Amino acid sequence: MKRYSDSKPISSIIRREEKTDPTPEYQRGPVWSKKQKQLLIDTILRDLDIPFLFYCSF
């Protein structure tokens, strides 16, 4: 898996975050346990393969 680094000013990140609705009505609630989240982070830090994650922002 390749990682890409892109430098952006913090102001553009803040503006993007302000426009994003973190709790749209179609969003399901949290389903992962703390342990599952920790394992995902560990997998990423060890540079192991993980399934693709898709993020859609409208």
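Taking a straight line from the alpha carbon of K8, these lysines sit under 23 Å away, with near neighbours fewer than eight places off in the same chain left out: K19. The phi-based Karplus calculation (6.51 cos²θ - 1.76 cosθ + 1.60; θ = phi - 60°) puts the 3J(HN,Hα) values of the range 44-51 at 5, 5, 7, 6, 8, 6, 9, x Hz, whole numbers, x for Gly and Pro. A viscosity of 1.567 mPa s and a temperature of 4 °C, combined with the Kirkwood radius over Cα pairs in Stokes-Einstein, give a translational diffusion coefficient for the range 7-53 of 94 µm²/s.
Read-outs throughout are calculated quantities, based only on the coordinates presented, and are distinct from any laboratory measurement. Please read all numbers here as calculations on a predicted model, not as lab measurements.
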